[in-house]
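The values are calculated or read from the model by the stated rules, or taken from the named source; none is laboratory data. Because the structure is predicted, anything quoted here is derived from the model rather than measured. We place every Cβ from the backbone using ideal geometry, glycine too, and count neighbours over all the protein chains shown.
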Amino acid sequence: MHPILAHFGEITVHTYGFVMMAALFFIYFLARAHRDETLLEPSHLGDISFLVVFSIWFGGGLILLLLSGEYSLANLRAHLNPARLESLSTVAVTTAFFLLLAGYCHWKKLPFWRVMDFLIPYFVLGYGLQRTFGCFSAGCCHGTPTTLPWGVTFGETFGIGPPAGIPVHPTQLYMGLAALASSRWLLTIQPRSKEMPGALTGLGTVALFGVYFMVSFWRGDLKGERLAAGLTSNQWFALLLILLGAMLWSVAVWRDRRQKRGRD
């Protein structure tokens, strides 16, 4: 598609990185405009935005480094190389951010699950924007070859996309459009879930990684080692997160119902 947005002399602006930064700014101002004033200050959103950027640029790579079991300096440099951004694992980045936010909320004495419930629709929105516009333009996260009428062909993708001229599943759009729809749904039900801390986070986790898991079967760039049942490590982690999300939602609903019965 269009992996390079523009050239300014010797400076090359890549579409993937431009979309990522534009999405981060858009989501920051959107979340700030709709923030719960009883929960978060503007400075908190600034700090959290920094945690998001850190998770994308460094946190996901550090998680993958820990899982690799090879802690050499060369491997550290390889995992923290900015050129690897297009190939970073959604699961690894999400895990890194979750851990960082938990530590931040503990430090600032913020209610972690209420903060997560406020943020989750915006995170899913950002994921959808990046997949739909950033990944699709760059050619990363591409699908397997297909003869279906909506198959897309890519030109030069500088080694991160499929071979030029071969129709493939537009898995970036599958994931991106599903995430955008999920974000809209989460924002719609957000007001009704305020009395159930953690419930919206659970639903968002199930929606996001449910789509990720299903679409991964059509991904042409996932070449990791196959584990039990023929699934990759990313697919197994996605299933684990789906299970944890469902458990989180169930516990939040159960606690809310128990409290209501207690008041009756």
Please go through (1) more than 20 Å from the chain's Cα centre (by Cα); (2) small (Gly, Ala, Ser); (3) under 25 Å from Phe97 (Cα atoms) for Gly262 and return the number of the only condition it doesn't satisfy. (3)
Scanning for something touching a Ser or Thr at 6+ places or on another chain (Cβ under 9 Å) and either among the basic types (Lys, Arg) or under 24 Å from Gln172 (Cα atoms) (or both), does region 43-55 turn up at least one residue? yes
Taking region 168-185 as the search range and keeping residues that are over 18 Å from Leu119 (Cβ atoms) and among the polar types (S, T, N, Q), which one is farthest from the chain's Cα centre (by Cα)? Thr171
Selected residue [at pLDDT below 90, farther than 25 Å from Leu24 by Cα and not small (Gly, Ala, Ser)] from Phe154, Phe136: Phe154
Within region 166-211, restricting to residues that are among the polar types (S, T, N, Q) and touching a residue at least 12 places away in the same chain (Cβ under 8 Å), the one that is farthest from Pro3 (Cα to Cα) is Ser193
Going through region 166-181 in order, the residues found to be among the aliphatic types (A, V, I, L, M) and under 23 Å from Val206 (Cβ atoms) are Leu173, Met175, Leu177, Ala178, Ala179, Leu180, Ala181
If I filter region 133-150 for residues that are of a type outside the set (Gly, Ala, Ser), outside any helix (DSSP H, G or I), surrounded by fewer than 15 Cβ atoms within 10 Å (Cβ to Cβ) and in contact (Cβ under 8 Å) with a residue 40 or more places away in the chain, do I get at least one hit? yes
Region 189-201, residues that are among the polar types (S, T, N, Q) and at pLDDT below 95: Gln190, Ser193
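Residue-wise test of (1) within 22 Å of the chain's Cα centre (by Cα); (2) modelled with pLDDT of 85 or more; (3) in a helix (DSSP H, G or I).
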position	(1), (2), (3)
Thr38	no, yes, no
Val52	yes, yes, yes
Gly59	yes, no, yes
Ala74	no, no, yes
Residue among Ser182, Ser216 that alone is at pLDDT 85 or above and crowded, with 23+ Cβ neighbours inside 10 Å: Ser182
Restricting attention to region 76-88, and to residues there that are in contact with a Phe, Trp or Tyr (Cβ under 8 Å, 6 or more places away or on another chain) and within 26 Å of Asp47 (Cβ to Cβ), which single residue is modelled with the lowest pLDDT? Leu85
How many residues of region 7-35 are modelled with pLDDT under 90, loosely packed, with under 14 Cβ neighbours inside 10 Å and part of a helix (DSSP H, G or I)? The answer is 1
Selection within region 159-176 - at pLDDT below 90 and surrounded by 13 or more Cβ atoms within 10 Å (Cβ to Cβ): Ile160, Gly161, Pro162, Ile166
Residue, farthest from Pro111 (Cα to Cα), within region 36-45, restricted to residues that are surrounded by fewer than 16 Cβ atoms within 10 Å (Cβ to Cβ) and touching a Phe, Trp or Tyr at 6+ places or on another chain (Cβ under 8 Å): Asp36
Restricting to region 118-141, name every residue that is farther than 19 Å from Ser49 by Cβ, more than 11 Å from the chain's Cα centre (by Cα) and not β-branched (Val, Ile, Thr). Phe133, Cys135, Phe136, Ser137, Ala138, Gly139, Cys140, Cys141
